[in-house]
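Some notes on the structure that comes next.
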Amino acid sequence: MRTSPRDVQAGRQGGAGLRIIRSTPAGRIGLSALLTATAVLATLPSWAAPSVLRAWVVVLGLLSLASMWNLLAGFGGMVSIGQQAFVGIGAYSLLVLADDRGVDPFLAVPLAGLVAAAASLPVAAFVFRLRGGYFAVGTWVIAETVALAVLNNQALGAGNGRSLRAVGDYGIETRQHLTFWLALAIGVGAVLVVVVLLRTRLGLALQAVRDDEHGARALGIDVVRARLIVWVLAAGWTGMTGALIYLSLLRVQPEAAFNVQWTAFMIFIVVIGGVGNPAGPIVGTAVFYVLRDQLQDEGAWALIVLGSVAMAMAVLAPQGITGLLDRVRPVQLFPIRRSLWRGPAGDVRGGGRWPRRGLGRPPPGATAPS
Amino acid sequence: MTWVNAVTQGILLGGLYALFATGLSISFGVMRLVNLAHGDLAVLAAFVSWSIVDRLGVGPFATLALVVPALGLGGYLLQRGVLDFVVSADPLRGILVTFGLAVVLQNLLLEHYSANAKGLDAGGLETASFRLTDQLAVGWLPLLTLGVAVAVLGGLSAFLRWTRTGRAFRAVADDLRTARLMGIDTRHVFGLAMALALATVALGGVFLGIRTTFSPGAGPGLLLVAFEAVIIGGLGSLWGTLVGAMVIGVAQTVGAQIEPGWSILLGHLVFLAVLAVRPQGLFGRVGRT
């Protein structure tokens, strides 16, 4: 028999005052802070300078890319070094749809995401045969193959790439504002999609697989199916973000669009912020953007510093900044975990303090079910 | 005849690629670590060799006496000092750390040597060749490279088979915990394996530098070629790696013969075809992926 989380939650009413709690004050604060920040940002076009808007498009694009990589690696266990394939596919889909097929460029962005999602299926047929480090390099090979195929395609502008002309139909101000709002939707949407997905049955399965793959398999979780769903979702959203980024840059070149640097950025952000924590990409994007901004006149040193910081984090603090904060005070900003509590019903004292992983460290007074 | 020529040159090119692939094969076999900085370390070796040639005025082959031990030592220190802390814990962290290392190395080289391509001058050997037939010429350098690759693989096989340390390597690769229980210093073995991996890739880097020009961004391309050779040959098969390297070499030279832009593309496509049809590789044992 399949037991849904709801069944388990219903069980709290019977026996020994055991309750399963997911929503906490901290979680509610986290979500409302995100929504408030989004609402404030949405007013940005009416009072901020165009350069500020452009900077935010970059930040929100990076946040979206990093959130998807976090979902892939932190929850799906798939460390891909080839996500630039989908950035590039998204960018070129935007070009073809908007310029060659006459689709409205802003509508073409989500459509480009669908193209990338569709393209990720045959890719999965190859790379899902590989595991761990070989999966990582395998995805990289795919990305290089797609890049070389585009590089040899005259219709797509070969090595020179092409400029996006379709946005010329819009006035410059309208274009900037629409691009920003689209970026806001895609960036915040990426975080929300990850949180919502992790709260579903599939999310529970993914976290089980991450913690113990063999155990999860033994419990009847279809690991390949779970991974495939995450893979396609991440590819599609990454492709949509790629289209968004090039909607803002206006010129698509294969070497830039398919550059492994996209994936390097995703990795650095997630590693700095915290792998496997939906809040990690938010913290990581902030740190990454500030660091990069400080170092932008230093040429190659920017990447040397960012790479070194990410390496140091991966060795010394593998849970990233959010993991370090979690150690000081375990607060879960996005409610994706469930905790088992024993106490009189309705008593939520100490709410917001959480064990670091699942039932690993129950709060004081709580006992594990027998 | 042009096709025969392309295939011949491809087989010889496979010798160079085998030098890159061997180290990747060792580090995965022993540590279960895919070193994403592998290609960049080869490029580093080429640049170090270039600097020595520049300072001391010696030939590039003489620099091998310095470059190979230096990278070997560096590999031991890298493993004991950094990678040991991540390898056993979680494969994800090993990938992240070596990827970070790759980016850092690439940009340090870019900062120090600029983006300009450099080459190593071996006094005419790089262009010298002899004729087999009227239309088929074989270069001395590619032949020498292939000879070195065969010697390295042969030496490595003998080392793994007949020496005490080689036996420890195989034991660690087969079953880390039991090897530790039997009193093998697994950390030392890991260090030695990384030293060997980097020493062979240093050899490859210098030969690459003599054969063609190189720039700081060349690393990832070499990593991918080495990786494809290992997978095509089959994990855990050293001589399979040589065959895999030759398959990639031939695919690239034949691809270049069809259309210059297709050289590397055809290499990737052949790799993907092998992955689709025979994921365990040509000489790999079934069930080991």
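Counting only residues that are assigned to a helix (DSSP H, G or I) and free of Cβ contacts under 8 Å to residues at least 24 places away in the same chain, how many does the range A:97-110 have?
3
If I filter the range B:222-235 for residues that are at negative phi and away from chain A (no Cβ under 14 Å), do I get at least one hit?
There is no residue in the range B:222-235 that is at negative phi and away from chain A (no Cβ under 14 Å).
Got a number for residues in the range A:73-88 being more than 15 Å from A:Gly242 (Cβ to Cβ) and not small (Gly, Ala, Ser)?
Of the residues in that region, 4 qualify.
For the range B:125-159: of the residues being farther than 20 Å from B:Phe61 by Cβ and modelled with pLDDT under 90, which is nearest to the chain's Cα centre (by Cα)?
B:Ala137
Can you tell which of A:Gly82, A:Gly133 is outside any helix (DSSP H, G or I), surrounded by 20 or more Cβ atoms within 10 Å (Cβ to Cβ) and small (Gly, Ala, Ser)? Steps first, please.
Details: A:Gly133 fails: outside any helix (DSSP H, G or I).
Within the list A:Gly82, A:Gly133, the selection yields A:Gly82.
Just checking, which of A:Pro281, A:Pro318 is at pLDDT 80 or above and in a loop (DSSP other than H, G, I, E, B)? Step through it out loud before you land on a result.
Details: A:Pro281 fails: in a loop (DSSP other than H, G, I, E, B).
Every option except A:Pro318 fails the conditions.
What single numbered condition from (1) modelled with pLDDT under 95; (2) under 23 Å from B:Val86 (Cα atoms); (3) in contact with a Gly (Cβ under 9 Å, 6 or more places away or on another chain) fails to hold for B:Ala179?
Tallying (1) modelled with pLDDT under 95; (2) under 23 Å from B:Val86 (Cα atoms); (3) in contact with a Gly (Cβ under 9 Å, 6 or more places away or on another chain), B:Ala179 fails exactly one: (3).
Mind checking whether some residue in the range B:242-254 is facing chain A (nearest Cβ under 10 Å), touching a Leu at 6+ places or on another chain (Cβ under 9 Å) and of a type outside the set (Val, Ile, Thr)?
No, the range B:242-254 has no match at all.
Yes/no matrix, rows are residues, columns are (1) touching a residue at least 24 places away in the same chain (Cβ under 8 Å); (2) crowded, with 23+ Cβ neighbours inside 10 Å:
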site	(1), (2)
B:Phe227	yes, yes
B:Ile232	yes, yes
B:Leu235	yes, no
B:Thr241	yes, yes
B:Gly244	yes, yes
B:Gly249	yes, yes
B:Val254	yes, no
B:Ile264	yes, no
B:Leu272	no, no
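How do the helices (runs of 4 or more DSSP H) wholly within the range B:156-240 filter down when requiring 2 or more residues that are within 20 Å of B:Gly75 (Cα to Cα): which remain?
On the way: elements: B:164-174, B:176-181, B:186-211, B:219-233.
Correct list: B:164-174, B:186-211, B:219-233.
Residue by residue, here is whether (1) within 14 Å of chain B (Cβ to nearest Cβ); (2) within 18 Å of A:Ser80 (Cβ to Cβ) holds:
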position	(1), (2)
A:Val209	yes, yes
A:Asp222	no, no
A:Ala226	no, yes
A:Val230	no, yes
A:Gly236	no, yes
A:Met240	no, yes
A:Leu244	no, no
A:Leu249	no, no
A:Ala257	no, yes
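I'd like the residue in the range A:133-168 that is free of Cβ contacts under 8 Å to residues at least 40 places away in the same chain and away from chain B (no Cβ under 14 Å) and, out of all such residues, is nearest to A:Val123 (Cα to Cα).
Among those residues, the one meeting the criterion is A:Ala155.
Check the range B:107-116 and report whether any residue there is crowded, with 24+ Cβ neighbours inside 10 Å, within 8 Å of chain A (Cβ to nearest Cβ) and farther than 13 Å from A:Gly132 by Cα.
no
The values are calculated or read from the model by the stated rules, or taken from the named source; none is laboratory data. The structure displayed is predicted, hence computed values, not measured ones. Neighbour counts run over all protein chains shown; Cβ positions are idealised from the backbone, glycine included.
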